[in-house]
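See structure below.
Read-outs throughout are calculated quantities, based only on the coordinates presented, and are distinct from any laboratory measurement. Note that the structure is a prediction, hence the values are computed from the model and not measured. Backbone-built Cβ (ideal geometry, glycine too); neighbour counts: all protein chains shown.
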Amino acid sequence: MSLDKRMSTWHMGRLWVTEWVSPKEAHMHGLEEIIYEGRTKYQHVLIARTFAFGKTLFLDGYVQSTELDEAIYHEALVHPAMLTHPSPRKVAIIGGGEGATLREVLKHRSVERVVMVDIDSELIELCKKFLPEWSKGAFDDPRVELIFSDGRRFIEETGEKFDVIILDLTDPAEGTPGIKLYTKEFYEAVYNALSEDGVAVTQATSIRYYLFAFTAIRNTLSKVFPKVRPYKIFIPAFLCEWGFMLASKSRDPLELSEEEIRERIRDLDLIFYDEEAHRFLFWIPKFVRKKMDEIDLVSTDSNPLIIY
């Protein structure tokens, strides 16, 4: 099986994937084994075993998650939002094709229904086949409804109200449909699809390479939600601290007590997230906060945030 020549090279007798994390910086991944390589209707897919991170999913040449550290990303994405809501019963996930976000949501005993919406059904089948460690049977849980559709259309048209909406999306990259999933108009639809105490969370790009995007997402959500909290965690495979944004109609994640966090995660079998991690996640360094204060971009359908 041959790897896409645009992103691969041979060096020292080994096949490498070059991931360009900025126009002037790249991360090279030495491949031990190519498990699958091909294209779905929407994107190029490579599932390979890398020497540094184990089994790894690449989409369009970029690492999405790895065996070594996917739990860090997915626990950070899911659990602060799930705990910010006092008792989440209905959850919507937009994106998250590997099934790991779904896996983490289902750990919460209060959850009665999860609707997962992803546009790429082929990718989900590939992840079920080649990355079963990510979902751990989550797709077969009777509480789950899996919908193959455009995520924005679903949020705008659904008549359901959800306690938590999790946006596990690709970045708003130039020429991709992800651009319309970071705008004020979309966040207004998310707000309307939430219950009275509803909470939303989105991945919010790299705070090292795309601080302007991280800040624009904060600014845009703040036009819609009364409480918005940026947070971050270092993801080794991403070579940087990765950003998230939590938006709430009422409850503030910073007001959660350590006792409540300990009690609610006691039986969840987590490897990263606990009450100490929660406090650290929401600490944004002073120099980063200062730079964020200088950025006033708000993303709208007519003037959307775009990562070039």
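Take the alpha-carbon centre of the range 156-187, take the same for the range 53-125, and report the distance between them in whole Å.
When both Cα centres are located, 15 Å separates them.
Regarding the range 144-258, what are the three Cα extents along the principal axes, ordered largest first, in Å?
In descending order, the Cα extents are 41, 40, 29 Å.
Students often get this wrong, so check it: of 129/180; 232/291; 55/128, which have C-alpha atoms separated by over 19 Å? Please report the intermediate quantities before stating the final value.
Values: 129/180 30 Å; 232/291 16 Å; 55/128 14 Å.
From 129/180; 232/291; 55/128, over 19 Å: 129/180.
Sorting 290, 180 on the 10 Å Cβ count, fewest up front, what's the list?
Values: 290 9, 180 16.
The order, fewest Cβ neighbours first, is 290, 180.
Which order do the peptides 247-255, 94-102, 64-72 take when ranked by the mean count of other beta-carbon atoms within 10 Å per residue, highest first? All intermediate terms of the calculation are to be shown ahead of the outcome.
Working: 247-255: 17.0, 94-102: 26.8, 64-72: 21.0.
Result, highest mean Cβ count within 10 Å first: 94-102, 64-72, 247-255.
Quick one: give the max-minus-min coordinate of the C-alpha atoms of the range 182-243 along each principal axis, largest first, in Å.
37, 20, 16
Per q in 0.30 Å⁻¹, report the Debye log10 I(q)/I(0) for the range 235-286, using one uniform scatterer on each alpha carbon and no solvent.
The computed values of log10 I(q)/I(0) come out as -1.26.
In a Gaussian network model over the chain where Cα atoms closer than 10 Å are linked, find which of 45, 91, 201 has the largest mean-square fluctuation.
45
On the first, second and third principal axes, largest extent first, how far apart are the outermost C-alpha atoms of the chain in Å?
Between the extreme Cα coordinates on each principal axis of the chain lie 57, 47, 38 Å.
Counting C-alpha atoms alone, how compact is the range 10-120: give Rg to one decimal and Dmax as a whole number, in angstrom.
Rg then Dmax for the range 10-120, in Å: 16.8, 54.
How much length is gained on full extension from residue 291 to residue 259, taking 0.36 nm per residue of separation minus their Cα-Cα distance?
On the way: separation 32, 0.36 × 32 = 11.52 nm, distance 3.38 nm.
Once the chain is fully extended between residue 291 and residue 259, it gains 8.1 nm.
What number, rounded to the nearest 500 deg cm²/dmol, is the helix-based mean residue ellipticity at 222 nm of the chain, given -39500 (n - 2.57) per DSSP H run of at least four residues and division by all its residues? Before the final figure, lay out the partial values.
Details: 10 runs with 85 residues, N = 308.
The per-residue figure over the chain is -7500 deg cm²/dmol.
Using only Cα atoms, what Kirkwood radius does the range 63-133 have, in angstroms? Mind showing how you got there, number by number?
On the way: mean 1/r = 0.0780 Å⁻¹.
Evaluated over the range 63-133, this radius sits at 12.8 Å.
Using every alpha carbon pair in the range 187-308, what percent of pairs falls into each 10 Å bin from 0 up to the bin containing the largest distance?
Spelled out bin by bin, the range 187-308 gives 12, 40, 36, 12, 1 percent.
How far apart, in nm, are the 7 Å Cα→Cβ label points at residue 26 and residue 121?
Rounded to a tenth, the inter-label distance reads 3.7 nm.
Under 18 Å between alpha carbons, and skipping anything fewer than 8 positions from residue 184 in its own chain: which lysines qualify?
Partners within reach: 223, 227, 249.
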